[in-house]
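Since the structure comes first, as structure tokens, the remarks are kept for the end.
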Amino acid sequence: MLNALQTRIIAIVTFLVTVTVLSAVVGWAGYLSALDQLEQRGRSDLALASDRLTGELERYRELAVLMSDHPGVSSAVTGETNNVSDLLRQTADKTGSLDILVVSRFGAELASASGEGAISHGGAPYFERAMDGAMGVYHRVSDRYGQRTFLFAAPIFSESGPVSGAVIVVVNVSAVEAVWRGARPTVFFTDELGVTFISNRSEMVLMARGDVGIARGTSAEYYPDTLRPFLTYRNRELRGRTLWAVEGQRYVPEDALYLSLPLPVIQMTGEALLDVSPAWTLAALQAGVAAAICLAFGAMLFLATERRRTLALANAQLEGAVQARTVELSRINVELRREVSERIAAEAQLTKAQSDLVQAGKLSALGQMSAGISHELNQPLMAIRSYAENAEAFLERGKVDVAGQNLSRIADLARRMGRIIRNLRAFAKQESEGLTDVLLTDVISGVLEIVDARAKGEGVEIAWQPPTQKLVVRGGEVRLQQVVLNLVSNAMDAMAMQETPRRIEIDAECKENRVDLYVRDTGPGLDEPDRIFDPFYSTKQVTSDGTGRDGMGLGLSISYGLVQSFGGMIRGRNHPHGGAVFTVTLDAVHPREDAA
Ligand code: ADP
């Protein structure tokens, strides 16, 4: 798999290669089109230059024809006069000819405009042609004039018909060239021997392509030492065009389009070398513009893609963060649920532990009371037994009324025993009902019945005056009985070790919506009133003589929890006149509500 960076690099490289290829194609097409235009322009330039040259030379040709018809010239040929030199000089001056010669039919020079030393023209191709009655055209590097010359030899016809001589007009080629020297493009005219005879670049003049000796019978004649080697160049074809790569020339374009135009009138070929570097420049410019446009588009595309990529990346990061946060939140949520369920379980455990403790407290109280209870039950049982035995004896003696009294006492005692057992059963039972209306006096009476035997056994006086008004409170009867029983038992425990007086005062009063129940003893009082409701706080220990009692330290803390569950309150303090006093405050239920 390629990573993002590699993909990007490959895309960029591909793009650059494409742009390069495209630019090259555009450049090449531009180059070809520029070459087309260059060729068209070059052809018209070459045609123009050729026209100018041929037009210029034509003048001299016509001059030769005109001069051949001149009577002065004809008479000079026939020998009637030899005073034609003035005419020739004047004409040469007026027409800008280098020289005008009159030649006899034998080639002898009869007169000349320049008056230079006469030479024989016999055998020269132009002369022979004139002698044939045609126009002789010739060019050469003339020793006589020391420069390149163009010659037009027109035949002079005698009146009788045959050619009697010739008029030769010599043209100074340099003068013809002078008008367009240096003009663009580079143009040169090459003769049939391959020599550049005329050119608008002086450096191009008289260059020979190959070996050129004295060539008689042609339109030209050279001496090899007047010629220079031709340009060194590499020729190459491009779609029907010829291109030259020229070496080491300052005045000729290095890279040139070659054009040629045959000029049969002057027996030469016009040639032109056009500089192609502007075509290259144009092509490069077009390629550059194409590349710049592509690159600009590419850069815009790249930036847009990068921007999109960055946005996508940021989006992915955000989504990742949101997902991570969601996972974290879900985890926290699960944690919270777990904590909640743990709390619920702990609460259930606590409730169970509390009810277990209540039960444990009750069982412990039962244990403490078992001795008293067995005594309590045993005593009426013994009494019942003796009353029954006595009743039997009285019946035998016929004292039915006394026996009846005994039986009703037996019935009383049995009822009392039944009440005690019912109380114990109720006490031992787990109470799980909610709050009900409880008659406080009944609760206290039940407790007193349970502790009655022990109180008597230990010589404890219990003072309890039930109030005249009915005291009804909100609570659970058995649980409230457990609270009161615990208070009374604790009071008796506290006083067990002391000498008389042993007295417990129980009192209850109603204050507006509350009922206060007081349990006061004449014991030693509380050692640490602030700690008595702490679970497992106990000062009781089993003594060696068995008079002391073993304490679990749970009684008051359970009582505290129970009273609170009724919506009430329990407090313990030392009485100013000695002993401890406990107050249980409960919500009162008024008779009006009761009735309702
Ligand atoms: P236990 O009776 O098992 O010790 P309680 O919670 O019922 O447990 O009592 C805790 C302690 O409070 C007792 O050990 C005792 O020191 C003190 N206490 C309770 N009632 C009295 C009282 N009436 N007089 C003196 N001390 C008391």
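Brief remarks follow.
- The GluC sites (Glu not before Pro) of segment 462-569 that DSSP puts in a loop, and whose beta carbon has at most 11 other beta carbons within 10 Å, are Glu499, Glu512.
- Theoretical gain in end-to-end length, Ser330 to Ser355 [0.36 nm per residue, Cα-Cα removed]: 5.3 nm
- Based on the Stokes-Einstein relation at 10 °C and a viscosity of 1.306 mPa s, and on the Kirkwood radius from alpha carbon pairs, segment 170-210 is assigned a translational diffusion coefficient of 152 µm²/s.
- Measuring nothing but alpha carbons in segment 277-364 and taking Rh as the Kirkwood radius, the Rg to Rh ratio lands at 1.82.
- Counting 0.36 nm for each residue step from Gln317 to Arg415 and taking away their Cα separation leaves a gain of 26.6 nm.
- Theoretical FRET efficiency, 1/(1+(r/R0)^6), r = Cβ-Cβ of Glu499 and Lys470, R0 45 Å, to 0.05: 0.70
- Principal-axis tilt of helix 555-565 within the chain, Cα atoms, nearest 10 degrees: 60
- Summarising the label geometry, the points placed 7 Å from Cα in the beta-carbon direction at Val25 and Ala134 lie 5.7 nm from one another.
- Taking a ≥ b ≥ c as the square roots of the Cα gyration tensor eigenvalues, segment 250-325 comes out prolate, since a/c reaches at least 1.5 and a/b is larger than b/c.
- Just so you know, the Rg over Rh for segment 62-146 is 0.92, from Cα atoms, with Rh as the Kirkwood radius.
- With Cα atoms, 0 to 90° folded angle of helix 477-496 axis to the chain main axis: 60
- Estimated FRET transfer efficiency (Asp401, Asp452; beta-carbon r; R0 45 Å; 0.05): 0.90
- Separation of the Arg343 and Ser158 label points, Cα + 7 Å toward Cβ, nm: 15.4
- Exposed-site-free run, longest, the chain (rule: chymotrypsin sites (Phe, Trp or Tyr not before Pro); DSSP loop; at most 14 other C-beta within 10 Å): 252-535
- For the chain, lysine pairs with C-alpha atoms less than 18 angstrom apart, excluding pairs fewer than eight positions apart on the same chain, total 5.
- 222 nm mean residue ellipticity, helices alone, for the chain (DSSP H n ≥ 4; -39,500 (n - 2.57); rounded to 500): -18000 deg cm²/dmol
- Two-decimal ratio, segment 108-248, of alpha-carbon radius of gyration to 2.2 N^0.38 Å: 1.25
- log10 of Debye I(q)/I(0), alpha-carbon scatterers only, for segment 1-134 at 0.09, 0.12 Å⁻¹: -0.51, -0.67
- Per residue solvent-accessible surface (Å²) - segment 262-359, probe of 1.4 Å: 73
- Rounded to two decimals, the Cα-based Rg/Rh of the chain, with Kirkwood Rh, is 1.98.
- Two-site label geometry, Thr14 and Ala183: point separation in nm, points 7 Å out along Cα→Cβ: 5.7
- Span per principal axis, largest first, for the Cα atoms of segment 451-562 (Å): 48, 30, 24
- Chain lengthening between Ser75 and Leu295 when straightened (0.36 nm per residue, less Cα-Cα): 70.7 nm
The values are calculated or read from the model by the stated rules, or taken from the named source; none is laboratory data. For clarity, every value in this text was computed on a predicted model and none was experimentally measured. Using ideal geometry, Cβ is built from the backbone for each residue, glycine included, and neighbour counts are taken over all protein chains shown. Remember, those area values only see protein heavy atoms, side chains included, never the ligands or the DNA or RNA. Shrake-Rupley method; radii C 1.70, N 1.55, O 1.52, S 1.80 Å.
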